[in-house]
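Presented below is the structure to which this report refers.
Read-outs: derived from the displayed coordinates by stated rules, not from any lab. Please read all numbers here as calculations on a predicted model, not as lab measurements. Every residue, glycine as well, gets a Cβ built from its backbone with ideal geometry; the counts of neighbours run over all protein chains shown.
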Amino acid sequence: MIEAFKKRRTQYALGKTLPLPPQEIDALIRETVRLAPSSFNSQSSRVVVLFGAESAKLWSIVKEALRPLVPAADFSGTDRKIDSFAAGAGTALFFEDQAVVSDLQEKFPLYAANFPGFSMQSGGMAQFAVWTALADVGLGASLQHYNPLIDAEVAKAWDLPTSWKLMAQMPFGSNEAPLAAKTFIPDETRFRTFA
């Protein structure tokens, strides 16, 4: 697993070449999310996988949502960034089902205040697991957060349940540039061990 973790990097230079057919990438994402842990086995994570024109449609939604917010003189940089995500083969949209969270809050009132945080943790583990699984088969990816700006348009475009809260977007595709080396802060800053 550590070797697989080492392959996971942020990749912005994405292409449309896939090492596996789209159905196998979809199956890989589904199995990875299915196996990701969740508090109380809530299985609150939801994923929409978009390929080809559907993925491009998402990034068009993002671009149009940003257009009125970014000064016209500065929009060319935003345009290039969004186009780099659209250049990939697909995008995984990560959601957390708030109906699951509410149900757990009702069933376990003692922990009610904690369930939104538990849901975020479950979603983060699913995102990391998918990102690692994609990297392990040779795909580049990055994790983006244009929510809540695009939430309503995304729900409308793919007719999604109102209880699904968008958490992150993961464009993926072939690695069209070398991956940057990862740097780490000193262990003394991050870890404490007592025996």
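Taking square-rooted eigenvalues a ≥ b ≥ c of the alpha carbon gyration tensor, is segment 1-116 rounded, prolate or oblate, where a/c under 1.5 means rounded and, failing that, a/b exceeding b/c means prolate?
Oblate is the answer for segment 1-116, as a/c is 1.5 or above yet b/c matches or exceeds a/b.
Okay, helix-only estimate at 222 nm for the chain: each DSSP H run of n ≥ 4 adds -39500 (n - 2.57), divide by all residues, round to 500 deg cm²/dmol; what do you get? Working shown, then result.
Values: 8 runs with 90 residues, N = 195.
My calculation for the chain gives -14000 deg cm²/dmol from helical runs alone.
In terms of modelled amide H atoms, which long-range or inter-chain residues lie less than 5 Å from the amide H of residue 11?
Distant-sequence amide H within range of residue 11: 141, 142.
Rounded, prolate or oblate: which fits segment 113-182 when a ≥ b ≥ c are the square roots of the eigenvalues of the alpha-carbon gyration tensor, with rounded for a/c under 1.5 and prolate only if a/b beats b/c?
Details: a/c = 2.51, a/b = 1.52, b/c = 1.65.
In terms of gyration-tensor shape, oblate.
Rounded to whole Hz and in sequence order, give me ³J(HN,Hα) for segment 67-80 from the Karplus expression 6.51 cos²θ - 1.76 cosθ + 1.60, θ = phi - 60°, writing x for Gly and Pro.
Per-residue couplings from phi come out as 3, x, 9, 9, x, 3, 5, 9, 6, 4, x, 4, 4, 5 Hz.
Order 5-12, 123-130 from most to least packed using the mean count of other Cβ atoms within 10 Å. Kindly include the intermediate steps, with their values, before the conclusion.
Details: 5-12: 16.1, 123-130: 21.4.
So the peptides 5-12, 123-130, ranked by packing, come out 123-130, 5-12.
If you take every residue apart from residue 151 with its C-beta less than 15 Å away from the C-beta of residue 151, what net charge results, scoring Lys and Arg +1 and Asp and Glu -1? Kindly include the intermediate steps, with their values, before the conclusion.
Details: positive: 46, 156, 165; negative: 64, 96, 97, 153, 159.
With Lys, Arg at +1 and Asp, Glu at -1, the neighbours total -2.
Between residue 155 and residue 113, what FRET efficiency comes out of the Förster formula 1/(1 + (r/R0)^6) with R0 = 22 Å and r the beta carbon distance, rounded to 0.05?
Working: r = 26 Å, r/R0 = 1.20.
Step by step, r from the Cβ atoms, then E = 0.25.
State to the nearest 20 debye the size of the charge dipole of segment 140-195 about its Cα centre, where the only charges are +1 on K and R beta carbons and -1 on D and E beta carbons. Please report the intermediate quantities before stating the final value.
Values: 5 positive and 6 negative charges, 40 e Å.
Using Cβ point charges on Lys, Arg, Asp and Glu, segment 140-195 gives about 180 debye.
Under the Karplus relation 6.51 cos²θ - 1.76 cosθ + 1.60, θ = phi - 60°, what is the ordered set of whole-Hz ³J(HN,Hα) values for segment 40-53, x standing for Gly and Pro?
My calculation for segment 40-53 gives 6, 6, 5, 6, 7, 6, 10, 9, 10, 9, 10, 10, x, 4 Hz in order.
By how many nm would the segment from residue 64 to residue 144 grow when fully extended, if each residue of separation counts as 0.36 nm and the alpha-carbon distance is taken off?
Details: separation 80, 0.36 × 80 = 28.80 nm, distance 1.61 nm.
Length difference between fully extended and current span is 27.2 nm.
Under 10 Å, Cα contacts only: if you run a Gaussian network model on the chain, which one of 77, 138, 52 comes out with the highest mean-square fluctuation?
Comparing 77, 138, 52 in the GNM, the peak value goes to 77.
Name the long-range amide H neighbours of residue 164: under 5 Å, sequence gap of 5 or more, or other chain; modelled H, no Pro or chain starts.
Here the answer is 98, since their amide H atoms fall under 5 Å of that of residue 164.
May I ask you to evaluate 6.51 cos²θ - 1.76 cosθ + 1.60, the Karplus curve with θ = phi - 60°, for each residue of segment 160-174 and list the ³J(HN,Hα) values in order in whole Hz, giving x for glycine and proline?
Coupling constants for segment 160-174: 9, x, 5, 7, 7, 9, 5, 10, 6, 10, 10, x, 9, x, 5 Hz.
Using a Gaussian network model of the chain with C-alpha springs under 10 Å, which one of 114, 175, 147 is most mobile by mean-square fluctuation?
Of the options given, 114 has the highest mean-square fluctuation.
What's the local net charge at residue 13, with K and R +1, D and E -1, over the other residues with C-beta under 13 Å away?
Numbers: positive: 9, 16, 80, 81; negative: 83, 176.
It works out to a net charge of +2.
Number of Lys-Lys pairs in the chain under 22 Å by Cα, sequence gap 8 or more or different chains?
Going through the chain pair by pair, I get 15.
Determine the sum of side-chain charges near residue 49: Lys and Arg each +1, Asp and Glu each -1, restricted to other residues whose C-beta is under 10 angstrom from that of residue 49. Kindly include the intermediate steps, with their values, before the conclusion.
On the way: positive: 30; negative: 26, 54.
My count for the surroundings of residue 49 gives -1.
Kindly work out what percent of the DSSP beta bridges joining two residues of the chain are antiparallel, to the nearest 5. Please list the in-between numbers first.
Working: 21 of 22 bridges.
Taking every DSSP beta bridge with both residues in the chain, the antiparallel ones total about 95 percent.
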